[in-house]
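The values are calculated or read from the model by the stated rules, or taken from the named source; none is laboratory data. Predicted, not measured: the structure shown is a model, and the values here were computed from it. We place every Cβ from the backbone using ideal geometry, glycine too, and count neighbours over all the protein chains shown. Protein only, heavy atoms only, side chains kept; ligands, DNA and RNA dropped before computing areas. Shrake-Rupley method; radii C 1.70, N 1.55, O 1.52, S 1.80 Å.
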Amino acid sequence: MAIQLVCTSCGSVGKPRTVVPGSFLIEIVLWLFFLLPGLCYTVWRLSAKHKACPACGGKAMVPTGSPVGRQLLAKQGA
């Protein structure tokens, strides 16, 4: 069973999505034409990926069972 998370920004409940910054197209172009910048860009993209709220893209999601999560759910009336 997956742990449900609640977003502290918008209050939506669900499973976070993985967000990778940058552009895949730029990454491909850099790899095709410039080896070292392509490598640097790829390393940056992979090291900067994070989980985010599927509704608003916020980074701050907490478990629904935590004190903060229960408080947010209580405010919404859920």
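Points to keep in mind about this one:
- Restricting 29, 68, 43 to those that are under 15 Å from residue 10 (Cβ atoms) and in a helix (DSSP H, G or I) reduces the list to 68.
- Condition broken by residue 38, with the remaining ones in (1) open to solvent by 30 Å² or more (accessible area, probe 1.4 Å); (2) touching a helix residue (DSSP H, G or I) at 6+ places or on another chain (Cβ under 7 Å) satisfied: (1)
- Top-ranked residue of the range 1-27 - restricted to ones that are farther than 15 Å from residue 44 by Cβ and without any contact (Cβ under 8 Å) to a residue 12 or more places away in the chain, ranked as least open to solvent (accessible area, probe 1.4 Å): 25
- Residue check, residue 49 surrounded by 12 or more Cβ atoms within 10 Å (Cβ to Cβ), among the basic types (Lys, Arg) and in contact (Cβ under 8 Å) with a residue 24 or more places away in the chain: yes
- Of all residues making up the range 64-78, the number that are open to solvent by 60 Å² or more (accessible area, probe 1.4 Å) and under 21 Å from the mean Cα position of the chain (by Cα): 1
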